[in-house]
Amino acid sequence: MTHKITAAITAVHGYVPDYILTNQELEKMVDTSDQWITERTGIKERRILKGENKGTSFMAAEAVKGLLEKSGTNPLEIDAIICATVTPDMLFPCTANLVADMVGAKNAMSFDMLAACSGFIYALETGASYIQLGRYKKVVVIGADKMSSIVNYKDRTSCILFGDGAGAVLLEPNTEGLGVIDAILKSDGSGKDLLYIKAGGSACPITEENVNSPDRYFFQDGKAVFKYAVTRMADVAEEMMKRHHLVGEDIAYLVPHQANKRIIDATAERMGIGPEKVTMNIERYGNTTGATIPLCLWDYEKKFKKGDNLILAAFGGGFTWGAVYLKWAYNS
Ligand code: UT7
C-alpha cells in the first residue's frame, strides 16, 4: 500500500538550564509552601536560565545543535526553522532567525509562532504542512521559552508555575503513513482578559510610568483559566479520538501541555487512558509554555515505538488550544 507524503518526527532533542528553582526556595520568596504547590499543581522544581544577555535563542540553539548532531543532519540542509515562543529575545528579528544563524542553517527560512502554550502544536502542524507540500524536506520545529523573563516573582499565584527550557524536533517526509496524521487547532481571542502581558506591545508600550509596574509581567486569572483548560483540552482530545475511531486502548501515549497535573489527569481520564500512558515531567520543569510538549517527547523518546499512536494536546493564552494525532516513526 502506498501512502501520501506525511511529515514524521525523525529526531527530538531538548535543553534545560542547570539552575534548579525548588519549591523550598520559592517559600523564601513569596507566601507559599511546598505542600500547596505540589498538591495544587504537581510541580516540585523548575529550571531557570541565568547569565547576562542569554535569552530564549540560547536554549533553542542548544536544543537544535543536539538535534542536528544526533540525527547527523548538516545545518545547510535545513529548509525551515519555526520557533514557538512567547518570550522572543527581542520583538524582532524573531528568535528563529537568531537560532538559524547560531546553528549555521544558512539555507533555511525561519519565523516565530506565537500561540502561547499551544505554540508547539501550532508550529508542528505548520511545519508538517510544508513537508506535505513536497517542497520542504527538513523542517525544524522548536518550542522554547524563558518564562523567568516575564514572570512576576512577587505574585505567588503565578511565579510558582513557570520554568525555562527548549525542545526541538526534526520533521522529514515519510511514505509509510507515519508522522503527523491530523491536527485540530482552535482559538478564542475573548480569553485575552484572563491570561496576558499588558505592557510592552504596540497598544501599551513600556513608558516611564509603567516600567516598574506589574503590567509588564505575565498575568493569569488562574481559577478561570483552569476551568477553560480542563474542559477544552479534554474536549479536543476526545474530538480527535472520535474522528479517527480511536479508543483508549489504541493510544500509546498522551503528550499533554504541562500546566497543571490536575488538568492533565482530567484529560487522560476523559480519553479513557491510565496514568502509565501519560507523559509527565511537570514535577521537574514546571510550565515551560512552548517547550513543554517537545521536552516530554525528548524525555520519553526511548519508550516510544515505531507505529505508536500519540495524541499531543495543549491549552493556553489567547485562548489557543488543540490536539495533534501522530504515529511515532522510529525506535531508538
Ligand atoms: O499554561 C497556560 C494555561 N494555564 C493553565 O492552564 C493554568 C490554570 N490554572 C491553574 O493551574 C490553577 O488555577 C492554579 C495553580 C494557578 C491555582 O490553583 P487553584 O487550585 O485554582 O487555586 P486558587 O486560585 O483557587 O486559589 C486557592 C487559594 C486562594 O486562597 P483563598 O482565596 O482560598 O484564601 C489563593 O489565594 O490558594 C491561594 N493561593 C496560594 N496559596 C499558597 C494562590 N496561590 C498560592 C500559592 N501558595 N502559591
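Sub-6 Å Cβ pairs linking a first residue in the range 301-316 that is assigned by TED's automatic domain parsing to the domain that holds T289 to a second residue that is among the hydrophobic types (A, V, I, L, M, F, W, C) and open to solvent by 10 Å² or more (accessible area, probe 1.4 Å), at least 6 apart or interchain, are D308/A252; N309/A252; A314/C117; F315/W321; G316/A116; G316/C117, ordered by first then second residue.
Restricting attention to the range 95-114, does a residue exist that is farther than 22 Å from A8 by Cα, among the acidic types (D, E) and open to solvent by 10 Å² or more (accessible area, probe 1.4 Å)? There is at least one residue in the range 95-114 that is farther than 22 Å from A8 by Cα, among the acidic types (D, E) and open to solvent by 10 Å² or more (accessible area, probe 1.4 Å).
Could you check, for the range 203-216, whether at least one of its residues is within 16 Å of the ligand (Cβ to nearest atom), of a type outside the set (F, W, Y), modelled with pLDDT of 95 or more and out of contact with any strand residue (DSSP E or B) (no Cβ under 7 Å at 6 or more places or on another chain)?
The first filter runs over the range 203-216 and keeps only residues within 16 Å of the ligand (Cβ to nearest atom), leaving 214.
In the following step, the residues that additionally are of a type outside the set (F, W, Y) were identified as 214.
Of the ones still in play, those that are also modelled with pLDDT of 95 or more are none.
Scanning the range 203-216, I find no residue that is within 16 Å of the ligand (Cβ to nearest atom), of a type outside the set (F, W, Y), modelled with pLDDT of 95 or more and out of contact with any strand residue (DSSP E or B) (no Cβ under 7 Å at 6 or more places or on another chain), so the answer is no.
Is there a residue being within 12 Å of the ligand (Cβ to nearest atom) and in contact (Cβ under 8 Å) with a residue 40 or more places away in the chain anywhere in the range 174-182? It would help to see each step written out before you state the result.
Our first condition is that a residue be within 12 Å of the ligand (Cβ to nearest atom); within the range 174-182, this holds for none.
Within the range 174-182 (the criterion being within 12 Å of the ligand (Cβ to nearest atom) and in contact (Cβ under 8 Å) with a residue 40 or more places away in the chain), the answer is no, since none of the residues qualifies.
Considering the conditions (1) more than 28 Å from R47 (Cβ to Cβ); (2) away from the ligand (no atom under 15 Å from the Cβ); (3) buried (at least 18 other Cβ atoms within 10 Å of the Cβ), V236 is excluded by exactly one of them, (2). Of all the criteria given as (1) out of contact with any helix residue (DSSP H, G or I) (no Cβ under 9 Å at 6 or more places or on another chain); (2) more than 30 Å from I206 (Cβ to Cβ); (3) more than 16 Å from the ligand (Cβ to nearest atom), the one not satisfied by F92 is (2). Taken over the range 168-203, the residue count meeting the criterion of being open to solvent by 30 Å² or more (accessible area, probe 1.4 Å) and under 30 Å from Q220 (Cα atoms) is 16. Return the pairs, sorted by first residue and then second, in which the second residue is open to solvent by 70 Å² or more (accessible area, probe 1.4 Å) and of a type outside the set (D, E, K, R), the first residue lies in the range 222-247 and is in contact (Cβ under 8 Å) with a residue 24 or more places away in the chain and part of a helix (DSSP H, G or I), the beta carbons are less than 6 Å apart, and the residues are 6+ apart or on different chains. Here the result reads G222/T157, each pair linking the range 222-247 to a residue that is open to solvent by 70 Å² or more (accessible area, probe 1.4 Å) and of a type outside the set (D, E, K, R). Any idea which residue in the range 251-284 is farthest from R46 (Cα to Cα), counting only those that are away from the ligand (no atom under 16 Å from the Cβ) and open to solvent by 60 Å² or more (accessible area, probe 1.4 Å)? Checking each candidate, the answer is E269.
The values are calculated or read from the model by the stated rules, or taken from the named source; none is laboratory data. On a predicted model such as this, the values are computed, not experimentally measured, just so you know. Positions of Cβ are generated from backbone atoms using ideal geometry, with glycine treated the same way; all protein chains shown enter the neighbour counts. Accessible surface areas use protein heavy atoms only, side chains included; no ligands, DNA or RNA. Shrake-Rupley method; radii C 1.70, N 1.55, O 1.52, S 1.80 Å.
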